[in-house]
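First up is the structure itself, then whatever we jot down about it.
The values are calculated or read from the model by the stated rules, or taken from the named source; none is laboratory data. These figures come from a predicted structure and were not determined experimentally. Here the Cβ is made from the backbone with ideal geometry for all residues, glycine too, and neighbour counts use every protein chain on show. Heavy atoms of the whole protein, side chains included, go into the accessibility calculation; ligands, DNA and RNA do not. Shrake-Rupley method; radii C 1.70, N 1.55, O 1.52, S 1.80 Å.
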Amino acid sequence: MKRWYSRSRAVMQQASPLDLAMASWALGRLGAYPPSQWTADFLIHSKYLPDVLVTAELLMSAAEQLPAFSPHSLALLLHALGLLRLKPNKEWMALALEQARYRFMRFNAQDFCGVLLGLYRMRYHPGQRWLDAYVQALALKV
């Protein structure tokens, strides 16, 4: 794994949002906990940071980047955050969940499940209005 971490850090800045989301998901599925420097680089390149490290400037950057995520990439990112037990701050989560809500009608079954499981693992409650919209969109899809 050390070799993979080293090689992936070298190309991380060229990674797409989907690449970063999939890497995060895969590490979570493997139960791998990357070295702190790799995690720091990953967080910078994926435009989100855990609560302790968030600054106003980076939060604005995240707000600008999240709309570029496809429905599947955004769902995968939220799922991967949960698998890794990372919990961005409330402001970042509000932005991500707003973007997810805009994409509900384009989510597939895996996306709906991934988002909900990610939120559960982060121990994050998105609020009743968001949950109501989630359930309504899901009901239209099944």
With a 1.4 angstrom probe the carbon and sulfur portion of accessible area for segment 74-125, in percent, totals 56
Residues of segment 85-142: accessible area per residue at 1.4 Å, in Å²?
-> 62
Roughly how many nanometres apart are two label points built 7 Å out from the Cα toward the Cβ at TYR102 and ARG85?
-> 3.3
Quick one: net charge around ARG85, please, counting Lys, Arg +1 and Asp, Glu -1 for every other residue with C-beta under 11 Å from its C-beta.
-> +3
Accessible-area ranking of SER70, SER24, largest first, probe 1.4 Å | SER70, SER24
Roughly how much of VAL142 is accessible, in Å² to the nearest 10, using a 1.4 Å probe?
-> 140
